[in-house]
Amino acid sequence: MRPTLEDTLRALDEAAEQAKSIRIEVDDEYLRLIALAEALPENQPGADKTWVWQLDEAFRWEYQHVTRP
């Protein structure tokens with residue numbers, strides 16, 4: 001049976017309602033590690049992130065040229 005738009009919207013509403021009750025607790029060590037990662041030079045505004053685009057381009061090229069063994 002193919003879901004209708006109404007089915008999809010109802011499922012999204014139900015998921016959003018369930019998400020309200022989800023509580024994720026993180027400890028101080030986890031927060032410390034996040035702060036360390038955010039403080040790295042490569043994570044600062046203005047940092048050179050051209051490697052992300054280069055990696056994405058290389059991945060897409062490889063994916064376009066994949067063949068079955």
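Modelled with pLDDT of 95 or more and either surrounded by 10 or more Cβ atoms within 10 Å (Cβ to Cβ) or of a type in the set (Val, Ile, Thr) (or both), is that true of Ile24? For Ile24, the condition - modelled with pLDDT of 95 or more and either surrounded by 10 or more Cβ atoms within 10 Å (Cβ to Cβ) or of a type in the set (Val, Ile, Thr) (or both) - is not met.
In the range 42-60, how many are part of a helix (DSSP H, G or I) and either modelled with pLDDT under 95 or among the acidic types (Asp, Glu) (or both)? Residues in the range 42-60 being part of a helix (DSSP H, G or I) and either modelled with pLDDT under 95 or among the acidic types (Asp, Glu) (or both): 8 in total.
The values are calculated or read from the model by the stated rules, or taken from the named source; none is laboratory data. Since this is a predicted model, take the numbers as computed values, not measurements. Don't worry about glycine lacking a Cβ; one is built from the backbone with ideal geometry, like all the others, and counts go over all protein chains shown.
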